[in-house]
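**Student:** My structure is below; once you've seen it, I'll send some questions.
None of the figures in this text is laboratory data; all of them are computed from the coordinates on show. These figures come from a predicted structure and were not determined experimentally. Glycine also receives a Cβ, built like all others from the backbone with ideal geometry; neighbour counts cover every protein chain displayed.
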Amino acid sequence: MTATTGIEASGGHPGSPRPGRVWRRAMGLDILITDPAPAVLPRERSPYGQPDLAAGPHRWTARDSGEYLFVGVRGGGPLLLQEPSVDGVLGPGDICFYDLYRPPSLHLPERCRTKTFLLSREQLGLADRDLHRITRVPVRRDSRMGSLLSPFLSGLADTAVVSRPAVGEMLAWNAANLLTTLATEHLRENGRAAVGDQPSLVCRILRFIDLNLGDVELSPERIARAHHISVRYLHKLFADQGTTVGRRILLRRLEECRRELADRSRGTRTIAAVAGRWGFASATHFSRVFRTTYGMTPREWRDSAGR
């Protein structure tokens, strides 16, 4: 996952924005601002062999000109043909989750702007069934969470796409955490997720991992023990998310090291000290996996971010 500065380019794929679009990709999160708003949201081809539909069964209509926020989620399950259509009206500032494999069709006035956050279902801690549920009801701008996060996410997107890479990385990291919290609360407030349900457990585990990244003793056994489940069941939860526990821990540690190495405000902390702070017992091992993941050494990344 590489970070780029905000750009304007031409092309039709989300990775190659059309004129008028500003795009940032960082920390596994893509942020796209479009003004005027597009008639079609960013989408990706489904890996499940389903027809490449231009729009899914969802249809959203904006009642007024203004700004609309969308959260496109990668990793949805196969299309449920029995799933009923959903028609809804959006107000300015509303936040709408959607499946990147089956984006909703939009009916927006001419003078609209959209800000779209694209990230994986794993990052949000959602199971397939939760993704189907969370896309059915938007987060209203005047709701408890909407009134707090809608303007904040909007401003964060504006800042992220014009920031230098190191700042953009930190803003993207914060945006992903805010969207994870929003997804969890949105499901809970709408009575969609039962207490003890698997997605809630996965969210708790992911947060536990984030809070303990600096502990070199963090392991599947410790994580399972802290959540009163077996190690075998823990591995199954992550297999259902398309990854492994060890892979998740490694990538999160690398992301935090990468972010800190690019942050000049933290002074001249050595690479070995940064690696140790985020749970790497060996600086040599850290440098090797960093280069394998990002295509450059930690020193090369720190120097390029400084420039």
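**Student:** Using a 7 Å offset from the Cα along the Cα-to-Cβ direction at both VAL137 and ASP240, what is the distance between the two label points in nm, to one decimal?
**Tutor:** In this crude spin-label approximation the distance works out to 2.2 nm.
**Student:** For the range 239-294, place one equal point scatterer on every Cα, skip the solvent, and apply the Debye formula. What is log10 of I(q)/I(0) at q = 0.20, 0.21 Å⁻¹?
**Tutor:** These q points yield log10 I(q)/I(0) values of -0.71, -0.77.
**Student:** Across all directions of projection, what mean area in square nanometres is found for the Cα convex hull of the range 206-307? Walk me through the numbers on the way to the answer.
**Tutor:** Numbers: hull surface 27.0 nm².
Its average projected convex-hull area is 6.7 nm².
**Student:** Let me ask something else. What three numbers, in Å, describe the spread of the alpha carbons of the range 94-175 along their principal axes, ordered from the longest?
**Tutor:** So the three principal-axis extents are 36, 33, 27 Å.
**Student:** Also, I was wondering about something else. Place the peptides 216-222, 108-114, 168-174 in order of packing, highest mean first, counting for every residue the other Cβ atoms within 10 Å and averaging per peptide.
**Tutor:** Highest to lowest by the protection proxy: 168-174, 108-114, 216-222.
**Student:** How are the alpha carbon pair distances in the range 100-247 distributed across 5 Å bins from zero to the largest one, expressed in percent?
**Tutor:** 2, 7, 16, 18, 19, 16, 12, 7, 3, 1, 1, 0
**Student:** Give the peptides 293-302, 117-126, 59-68, 224-233 in descending order of average Cβ contacts within 10 Å, highest first.
**Tutor:** Ranking, from highest mean packing down: 117-126, 59-68, 293-302, 224-233.
**Student:** Which cross-chain or sequence-distant (5 or more) residues have an amide H under 5 Å from the amide H of GLU67, H modelled 1.01 Å from N in plane?
**Tutor:** GLY93, ARG113
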